[in-house]
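See structure below.
Each value in this text was obtained by applying a stated rule to the coordinates, not by laboratory testing. Every value quoted in this text rests on a predicted model; they were computed, and no experiment measured them. Heads up, the Cβs are rebuilt from the backbone with ideal geometry, glycines too, and the neighbour counts pull from every protein chain shown.
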Amino acid sequence: MNILITGAAGFIGSHVAEALLARGDTVTGLDNFNDYYDPARKRANVKPVLSYPHYRLVEGDVRDERLLADLFAHGCFDKVCHIAAMAGVRYSIQHPGLYESVNVRGTLNLLEQSRRHGIQNFVFASSSSVYGVDTPIPFREDTPVSRPISPYAATKVAKEVLAYTYHYLYGLHCTGLRFFTVYGPRGRPDMAPYLFTKWIAEGQPVRRFGDGSSQRDYTFIADIVAGVLGALDADLPYELINLGRGETITLADFIQVVEEIVGRQAIIVPEPPQPGDVPLTCADITKARDLLGYNPTTSVVDGMHRFWEWYQLGILKSQ
């Protein structure tokens, strides 16, 4: 299959590209290498796949309609895997307009090109953030998501609605994948698994927002990639599907896991909960199992051991 991946130099996108190429697909990766975090990290992410003969990297922005029109006109894509987005709840509160333009307008541009060029399947990244607060546990895909509590979450809801509109009007097959706190090698440096590992390893204070009782459904990158490939292969008419581990861990316990793996005790600095952060996420993954054959196998302890191995390699290379 010939697949376009947006956000191909990011954490999730680079892993998906690598998996598709390894099984023999043709991949075009699109990324604008923005400076939300160091673009050099993204250059390192794509380096392993640049040698594949069936991989092409295009530097560009999903908001650039002319670029997308040319890309689709000459790409002959069968499917689109749309992962590009402005990420992060807290940053979205400071820059809501940026999130709207990238996440909503960018998605609309891609849906329009997909409609015009007869794309078979449009798989896109949504988020557990759409569930907001006071959602019954575990989170089910049929739960109303009309009350997001951050601009980031609101843009993810908007993407889901736009995708349904294009499915309804034009028959475009669309699957939205609601990712639950993805972590692992190449993980974003602004996320808790990376930050806690760095702070504890370096003996720096660990900023713990809240009393440590908040809970997250941490999902290892390899399990997420398996779910994304399953969605690309399934060609479902229109679905929203949770991709999580289906289990939670408290913030306090997660920090303890990192302490044990790194071999140092954390210096905890308690801070108030942050606006826009939800107190708990927990995925019901029944639908993913039934429709995608999804079966997450990596525990938080095993996943963080693998992250720590990758993290140490990066530190050694930089010295």
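Remarks
- The stretch 143-266: relative contact order in percent, alpha carbon pairs under 8 Å with at least 6 residues between: 35
- Rg/Rh for the stretch 132-243 stands at 1.03; both radii use Cα atoms, and Rh follows the Kirkwood definition.
- For the stretch 173-239, the convex hull drawn through the C-alpha positions has a volume of 106 cubic angstrom per residue.
- Take each peptide in 139-150, 24-35, count the other Cβ atoms within 10 Å of every residue, and average; sorted highest first, the result is 24-35, 139-150.
- Here the stretch 1-110 is described by how far its Cα atoms reach on the three principal axes: 41, 29, 17 Å, from widest to narrowest.
- Spin-label model, Q94 to E260: label points 7 Å out along the Cα-to-beta-carbon direction sit 3.5 nm apart.
- Shown here are the Rg and Dmax of the Cα trace of the stretch 54-120, at 13.2, 39 Å.
- Separation between Cα centres of the stretch 242-271 and the stretch 143-163, rounded to whole Å: 28
- Between R147 and L291, the simple spin-label model (points 7 angstrom out along Cα→Cβ) gives 2.5 nm.
- Rg then Dmax, both in Å and based on the Cα atoms of the stretch 53-178: 15.2, 49.
- Two-decimal Rg/Rh across the chain, once Rg and the Kirkwood Rh are taken from alpha-carbon atoms: 0.95
- On Cα atoms only, tilt of 65-75 relative to the major axis of the chain in degrees: 70
- Net length gained if the chain between D190 and D235 were fully extended (0.36 nm per residue, minus Cα distance): 12.9 nm
- Taking label points 7 Å from Cα along the Cα-to-Cβ direction, R140 and M1 give a separation of 2.9 nm.
- For the stretch 3-138, the dipole from Cβ point charges (+1 on Lys and Arg, -1 on Asp and Glu) about the Cα centre works out to 180 debye, to the nearest 20.
- Computing Rg and the Kirkwood Rh from the Cα coordinates of the stretch 223-319 gives a ratio, Rg/Rh, of 1.06.
- Spin-label zone in the stretch 273-289 - amide nitrogen under 17 Å from a point set 7 Å from the Cα of S213 along the C-beta vector: 273-274, 278-281
- The angle between the Cα long axis of helix 11-22 and the longest principal axis of the Cα atoms of the chain comes to about 60 degrees, rounded to the nearest 10.
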